[in-house]
Structure formats: C-alpha cells, structure tokens
C-alpha cells in the first residue's frame, strides 16, 4: 500500500459535517479570527483576502476571496471586482518572487456543478506551475505529492507579499495588508 504524508487533511476529516449556512462559511469565518498565520491568510485588501489552500494541488496554491459572501460573480460591485483583480495581480507577483514558478493556472469554480467544494462563496484559485511538475503519481496512482509543508509555504508567500510596495505588516502572525 502506498502512503503519502498529508497531516493537514485531519482538520477536513474532523470537520463538522452538517451543511453549513452563511454563518458557518469558512471563507466568512477565517477573516474574523485573530490569527491569520494559523488560518493561512497571507494578505488582505479592502474587499478581499488571500488564503493558502489547505488541500493544494502544488506548493503555493492560494485562493483570492472576496470578503462578501456571494456565489454569484455578477453580484460583486465594480469596487469589489477591481479590488479582487488588483489582489490577484499582487498574488501573482508574490508567488513569482517567493517560488519562481514557470507559470500559473488561475480560475474560478462557479456553482456546484463546477466541482468546487465551496460553491456559495466565490474564490479564485491561483496555482503555481513548473515545467515537468506533472509526474507519474497523478497519472498512475491518482495521487499528488506536495513537496513543501504549508507552514513553510506560508512564510515564503507572506514575506513576498510584505516586500511589495504599499504593504503593511502588523506582525508575523497577521496577514500583509494593502490599503
């Protein structure tokens, strides 16, 4: 039997399996908590935040998430759309600086039929990619291998956001803030 070490998945396994309502949305809940590092929020802007994915496809897999709970892209105001887009730009810059990928996959899963596990709060996935990062594991055994622990990735990405112009860093356990 093959084994892959993935200790971060225990929180998913132990989660409350009741159907969440808006009050229980993790994308609404995490930004309200005090410890951004523990909740893996690496950056914030006025209307959005960047969250490391707990179940990454690759190291540095993040999500750029509007603060407001909505699953409808057309529901975002012009101000929210612009802020979300600017934070995505900063995210590409930070990931390029922190991880030196060869490219990115980026996109939204809109609606339950799109395959996302959280369909009622929009989020844009940004996944760093490297030439040759696809190997036999996903093809032969339907398994991916993540080569860096989430805590280390958080540190690299947090530092890269902090180095950007206009960044404010309250402390190392708080997200980088962009006004």
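The values are calculated or read from the model by the stated rules, or taken from the named source; none is laboratory data. Remember, predicted model here, so these are calculated numbers, not experimental data. Methodologically, a virtual Cβ is constructed for each residue, glycine included, from the backbone with ideal geometry; neighbour enumeration extends over all protein chains shown.
Within the set of pairs 6 or more residues apart or between chains, which connect a residue that is at negative phi and without any contact (Cβ under 8 Å) to a residue 12 or more places away in the chain inside region 151-179 to a residue that is part of a helix (DSSP H, G or I) and surrounded by fewer than 20 Cβ atoms within 10 Å (Cβ to Cβ) with Cβ atoms less than 6 Å apart?
So the pair list comes out as 169/162.
Identify, please: which residue in region 95-113 is touching a strand residue (DSSP E or B) at 6+ places or on another chain (Cβ under 8 Å) and more than 14 Å from residue 84 (Cβ to Cβ) and is, among those, surrounded by the most Cβ atoms within 10 Å (Cβ to Cβ)?
Once the filter is applied, the top-ranked residue is 95.
What number of residues within region 99-114 are farther than 20 Å from residue 65 by Cβ and in a strand (DSSP E or B)?
Qualifying residue count, region 99-114: 1.
Suppose we keep only residues that are touching a strand residue (DSSP E or B) at 6+ places or on another chain (Cβ under 7 Å) and within 19 Å of residue 33 (Cβ to Cβ) within region 135-167. Which one would you say is modelled with the lowest pLDDT?
Selected residue: 150.
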